[in-house]
């Protein structure tokens, strides 16, 4: 990660802590679980994408931080619920006990619920923006994470266990489960950066984001079988254990790596046509492909 991105990530960490509640007279365990899920590590790819897109189209970083936090709270909620025994039943996240191991299953569910609603509250109250921008951003986040996006993708993923999916089915699954929130991160960043962004640039950023989201999942699938639990910070080999279709299982590891590189090769020219004011989005896209966890 470049020094500029490291600095931006540190700023995001501070903003996340600021937007999270600290104390509660009635539910301190809930607050502790929310902060644990949100602040105990992570790549912060999604909030970095929000901020890099906002500033890349000419916006101010301070305008990007609240929507960036909203997106990351939504991501943290999804991980809390994904790890539950009823879902993926994973006991490790970011190298630490999963939320339901640390706080109990009921509190993990409640913390996920609370982070879900906090995401929309944070976005709706985002400073330095117009009401129509906030409303559109709320709509984008809802669509990305609801029945047609992340939640629908998780349902598809659970139903697909012990089944062999086709390439098109696997692409559709992960366009919803993983890709939709990545795409929304870039769309929301562009809205807060320039509410009057021309339609062509918005479409190019969306197409870039769509390919990036799919490439992210391809690399995730590869790392699940090529890295250790210690490196990943979560159980390695969980896809094979659940007998899920993955890109490496369909293509082989090397061909899957080539597919991720091909997606990036398609995405970067689209990004270059948008006339970004810096190269942070391109650097983040490369980081998605080159990462080791």
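Nothing in this text is a laboratory measurement; each read-out follows from the coordinates by a stated rule. These numbers come from a predicted model, not from an experiment. Cβ sites come from the backbone with ideal geometry, for glycine too, and all protein chains shown count toward neighbours.
For segment 249-293, backbone nitrogen atoms closer than 13 Å to the point 7 Å from residue 198 Cα along Cα-to-C-beta are found at 273-276.
Sorting check: for 203-214, 11-22, which peptide has the highest mean count of neighbouring beta carbons within 10 Å, and how do the rest follow?
Values: 203-214: 21.7, 11-22: 16.2.
Result, highest mean Cβ count within 10 Å first: 203-214, 11-22.
Note: the chain, Cα convex hull, 117 Å³ per residue. The helix-only estimate of mean residue ellipticity at 222 nm for the chain, built from DSSP H runs of length n ≥ 4 each weighted as -39500 (n - 2.57), is -22500 deg cm²/dmol after division by the residue total.
For the options 26, 188, 222, a Gaussian network treatment of the chain with springs between C-alpha atoms closer than 10 Å singles out 26 as fluctuating the most. Inter-part distance, segment 217-292 to segment 100-140, computed on C-alpha centroids, equals 27 Å. Computed from label points 7 Å out along Cα-Cβ, the spacing between residue 39 and residue 125 is 1.7 nm.
On the basis of the beta-carbon distance and an R0 of 22 Å, residue 279 and residue 168 show a calculated FRET efficiency of 0.10. May I ask you to derive the FRET efficiency for residue 272 and residue 61 from their Cβ-Cβ distance with R0 = 25 Å, giving the value to the nearest 0.05? Here the calculated transfer efficiency is 0.65.
Can you tell me how segment 24-173 classifies by the Cα gyration tensor, rounded, prolate or oblate, using a/c under 1.5 as the rounded cut? Verdict is oblate for segment 24-173.
Quick check on segment 1-78: take the gyration tensor over C-alpha atoms, sort the square-rooted eigenvalues as a ≥ b ≥ c, and tell me if it's rounded (a/c under 1.5), prolate or oblate.
Values: a/c = 2.43, a/b = 2.02, b/c = 1.20.
Here segment 1-78 falls in the prolate category.
Taking a virtual spin label 7 Å from the Cα of residue 139 along the C-beta vector, which residues in segment 189-217 bring their backbone nitrogen under 11 Å of it? Correct set: none at all.
The length gained on full extension between residue 105 and residue 240, counted as 0.36 nm times the residue separation minus their Cα-Cα distance, comes to 46.2 nm.
Between segment 51-97 and segment 182-202, the C-alpha centres lie 18 angstrom from each other. Between residue 25 and residue 290, the FRET efficiency from the beta-carbon distance, with R0 = 45 Å, is close to 0.45.
Using only the Cα atoms, work out Rg/Rh for segment 177-272, with Rh taken as the Kirkwood radius, to two decimals. Present the calculation step by step, with values, prior to reporting the outcome.
Details: Rg = 15.7 Å, Rh = 14.7 Å.
In segment 177-272, Rg relative to Rh is 1.07.
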